[in-house]
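The values are calculated or read from the model by the stated rules, or taken from the named source; none is laboratory data. Predicted model, so just to flag it, every value in this text is computed and none were measured. Cβ sites come from the backbone with ideal geometry, for glycine too, and all protein chains shown count toward neighbours. Quick note on the areas: whole protein, heavy atoms, side chains included, nothing else; ligands and nucleic acids left out. Shrake-Rupley method; radii C 1.70, N 1.55, O 1.52, S 1.80 Å.
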Amino acid sequence: MTTWTLATEAFDSSDASALRREYYDEVASRYWQRPATAEEIDQGLSGDGAEQLMPPTGQFVVGRYGAKAAACGGVLMLDAERAELTRVYLRRPFRGRRGAGILLETLENEARKLGARRMVLNTRLDLIEARKLYVRNGYAEIPAYCSGPYMDIWYGKEL
């Protein structure tokens, strides 16, 4: 039986980089309602702050289904007790195999190790699957804690 394994990994490893690239491609393409170009993806990843997703400011996790890199996500410490969930992504062929919940649980545990007592996140209204995942895993809508062009709704959860 194939199982999930999740572990911390450098945000710039080959698997993590490929997953981050696919994540950006999917969210940008959905936002623009057309396929993102390679140049747009490169531009979006350039200076995206992923280097902060390592201790002590954060952590990055890669999930594998069997031997295949299938999922990723990060946590970024916003202050001494609050972490932000970011770059949560599962490759399409691996969706529906319970990996998303395991990924969230792993990311929450990593945030706790960094000292977080609360997890927050922001997302867009059109990312319906993500919003359902967060609510299903105990996240509730909260007031905006940040602002930006790609933020429509904010969620939080006590850890």
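Points to keep in mind about this one:
- Computed on the Cα trace of the chain, the radius of gyration divided by the Kirkwood hydrodynamic radius gives Rg/Rh = 0.93.
- D_trans [Stokes-Einstein, Kirkwood Rh over alpha-carbon pairs] for the stretch 63-116, 4 °C, 1.567 mPa s, µm² s⁻¹: 111 µm²/s
- In the chain, the calculated helix contribution to ellipticity at 222 nm averages -10000 deg cm²/dmol per residue, counting -39,500 (n - 2.57) for every DSSP H run with n ≥ 4.
- Here the stretch 1-99 exposes an accessible surface that is 50 percent carbon and sulfur, computed with a 1.4 Å probe and the other protein chains kept in place.
- Each peptide in 7-14, 56-63 receives the mean, over its residues, of other Cβ atoms within 10 Å, and ordering these scores from highest gives 56-63, 7-14.
- Scanning residues 5 or more positions from Val88 or on other chains, those with amide H under 5 Å from its amide H are Gly74, with H placed 1.01 Å from N in the peptide plane.
- Projected onto its three principal axes, the C-alpha set of the stretch 10-98 covers 39, 32, 21 Å, listed from the longest axis down.
- Average accessible surface area per residue within the stretch 9-150, 1.4 Å rolling probe, Å²: 53 Å²
- Normalised per residue, the volume of the convex hull around the Cα set of the stretch 3-56 (Å³): 104 Å³
- Cα Rg over Rh - the stretch 99-159, Kirkwood: 0.96
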